Amino acid sequence: MTINFLSPSSSSTSCSISRVLNPPAIILLGVPATASAATFHHRGCLSIEIFSKARNNDRNQKLGGLASLPLQQSNRTLVQCNSTSTGVSPVNTVTLKDVKLLSLFQEIGIHERGTKLLLENNPDLTFRPVNTIRDRIQSLEKLGIHCHKLGRLILKHPDLLTAKEIDSFVHFVTVDLESKIEPLKLEHLFNTTDPRFFVGFEGNVKLLLHHGVPQEKLAHVLNNVNLAKALCLKSAEELERTIIFLNRFGGVDFIIRRPVILNYDLDGQLIPRFTYLYELSEKDEDATANVFRKVPGVLTYTVDHLKDHVEFLRSFAGLTNQEIFRIVLLYPNVFSASRKRKLHPRLDFLKQCGLNSRDIFKFLTKAPLFLTLSFDKNLAYKLVFLVKIGYKNRTKDLARAMGAITRISCKNFQQVIGLYLNYGLTCNDILIMSKKHPQVLQYNHESLEEKMDYLIEDMGREVRELLGFPAFLGYKLDTRIKFRYEERKKVSGEGMSISKLLCVSAEKFRSKKKKKSPLL
């Protein structure tokens, strides 16, 4: 009910939410003057002053006895009267629904101005019961989106309060998925996707389960994809075709390892990328699939990106398509290296060291990590150590040494050099050893120490014997060095050649053992 105290010739005034916030005087129809402010003040969000009986009576006298008019009780009307010096005041009426909406929106950080714009731009809200709007807000809060975040979201996308698709979506996420989708993922979905596209979400999630995604891994998949691209904007048919296509790379296991792959379009992105490498491999489907199994992220690179890297390796390093694919098969991460910052300077270094295209191919098949390691934090540090040992710049020996130490950390490399020096070897000795057998620079320093101790203490040899046969440090201590030494010592004594002891094949070693065994 709306009451207007103006003369019959005056036009009715419209509702004004803004006038409710700071009224000079308020009369609540049907509510005792001593009633608690909580009648209209929900959780302290709406501040309305309630006057006492005495103050109301005083105000009524100043208003010329207006308050003495018979008033019918109503819980739907709030009347605000502003007195003026002329004795005639404009009257604004605000329904209790407006007050409740203002209070409700204030709880989630939407204040007077925002509420006014929200209602003006979305008339559907004015026709919805307050309880319905409150229920929708509470359901959205169940997703983990609270207070001001939810308020900002509703201001941007008020259809979240009116779209019919929201209720079923929220129910599925909170009940069937047990609220395991991260709130940030849902915020992003609401910010970027029209609720109309939420219809297919439930079906596509169930399709993932149908094709073998374990229930316990489902939340991991959903929290690592773009929910809109992967599950809302794709039809069930397209998603199923994508899953079937990915079966050649491992199917469900592939999806779990790299859920983001579901974001991509099958016909426009995934198939062309696979086809390009398939052609590069000379149509070896198994080998091409192995590339993606090793590094699923390769499927996320555009065809242009793949082409640029292949063309650079072909033109600058002089590699053939077959050689390039061999390197890619060994180390798919070559596509993650920047051509300008990494590939060009690394390959240029190898060329300055005198390596031709064939040498570069052999180098990269043994040390592909060289293309992607950090220069400042890794390669430069190791290069300085090699120069200190005695390696000359721009030589093949330096390139081979760099290739040997790409797989170990800077710390281990430093410990290896320190170990050799502690056992009495000089930098020149290390240089001689590593030129003959570059691998002596890359062994684990702890295993090296055990072998050198055994060589000196148990075998009674000099450490400098390693200069003639540095490959000794590459053999396994227990199953090769100790075993053979103990067996041959029984026959030949201790003065045997360590190179002949270890270099012969297992078959020849067994045959020699039988020939020299005493007859029974």
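The figures follow:
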item	result
Residues within the stretch 350-367 that are surrounded by fewer than 19 Cβ atoms within 10 Å (Cβ to Cβ) and assigned to a helix (DSSP H, G or I), tallied	8
Hey, Lys307 among the basic types (Lys, Arg), open to solvent by 70 Å² or more (accessible area, probe 1.4 Å), more than 22 Å from Leu189 (Cα to Cα) and at pLDDT 95 or above or not	yes
Criterion (over 19 Å from Leu369 (Cβ atoms), at pLDDT 95 or above and touching a helix residue (DSSP H, G or I) at 6+ places or on another chain (Cβ under 7 Å)) met by exactly one of Tyr331, Tyr276	Tyr276
Segments classed as helices (runs of 4 or more DSSP H), wholly inside the stretch 409-520, with at least 1 members that are at pLDDT below 95 and over 48 Å from the mean Cα position of the chain (by Cα)	483-492, 498-503, 506-516
Any hit, the stretch 132-142, residues being open to solvent by less than 70 Å² (accessible area, probe 1.4 Å) and touching a residue at least 60 places away in the same chain (Cβ under 8 Å)	no
Some residue of the stretch 179-192 being more than 30 Å from Asn131 (Cα to Cα) and buried (at least 18 other Cβ atoms within 10 Å of the Cβ)	no
Candidate set from the stretch 208-252 (those that are in contact with a Gly (Cβ under 8 Å, 6 or more places away or on another chain) and in a loop (DSSP other than H, G, I, E, B)); member that is modelled with the lowest pLDDT	Gly251
Members of the stretch 368-377 found to be of a type outside the set (Val, Ile, Thr), touching a residue at least 24 places away in the same chain (Cβ under 8 Å) and assigned to a loop (DSSP other than H, G, I, E, B), listed by number	Leu373
Hey, Val130 at pLDDT 95 or above and among the hydrophobic types (A, V, I, L, M, F, W, C) or not	no
Residues satisfying the stated conditions in the stretch 460-478, i.e. surrounded by 18 or more Cβ atoms within 10 Å (Cβ to Cβ) and farther than 12 Å from Tyr423 by Cβ	Phe469, Pro470, Phe472
Identity of the residue in the stretch 143-178, open to solvent by 60 Å² or more (accessible area, probe 1.4 Å) and either closer than 19 Å to Thr126 by Cα or among the β-branched types (Val, Ile, Thr) (or both), that ends up farthest from the chain's Cα centre (by Cα)	Lys164
Residue identified as buried (at least 16 other Cβ atoms within 10 Å of the Cβ), aliphatic (A, V, I, L, M), in contact with a Leu (Cβ under 8 Å, 6 or more places away or on another chain) and under 19 Å from Glu182 (Cα atoms) among Ala219, Ala230	Ala230
The listed residue being free of Cβ contacts under 8 Å to residues at least 12 places away in the same chain and either farther than 26 Å from Asp376 by Cβ or part of a helix (DSSP H, G or I) (or both), out of Lys307, Lys340	Lys340
Count of residues meeting criterion [closer than 27 Å to Gln415 by Cβ, of a type in the set (Ser, Thr, Tyr) and either in contact with a strand residue (DSSP E or B) (Cβ under 6 Å, 6 or more places away or on another chain) or open to solvent by 40 Å² or more (accessible area, probe 1.4 Å) (or both)] in the stretch 479-498	1
Residue count, the stretch 392-403 (criterion: over 38 Å from the mean Cα position of the chain (by Cα) and open to solvent by 10 Å² or more (accessible area, probe 1.4 Å))	6
Residue identified as open to solvent by less than 10 Å² (accessible area, probe 1.4 Å), touching a Ser or Thr at 6+ places or on another chain (Cβ under 7 Å) and within 23 Å of Ala230 (Cα to Cα) among Leu262, Leu299, Leu277, Leu319	Leu262
Residues that are open to solvent by less than 40 Å² (accessible area, probe 1.4 Å) and among the hydrophobic types (A, V, I, L, M, F, W, C), drawn from the stretch 335-349	Phe335, Ala337, Leu343, Leu347
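The values are calculated or read from the model by the stated rules, or taken from the named source; none is laboratory data. What you see is a predicted model; the values in this text were computed from it and never measured. So basically every Cβ, Gly included, is an ideal-geometry build from the backbone, and we count neighbours across all protein chains shown. We work out accessible area using only protein heavy atoms, side chains counted, and drop any ligands, DNA or RNA first. Shrake-Rupley method; radii C 1.70, N 1.55, O 1.52, S 1.80 Å.
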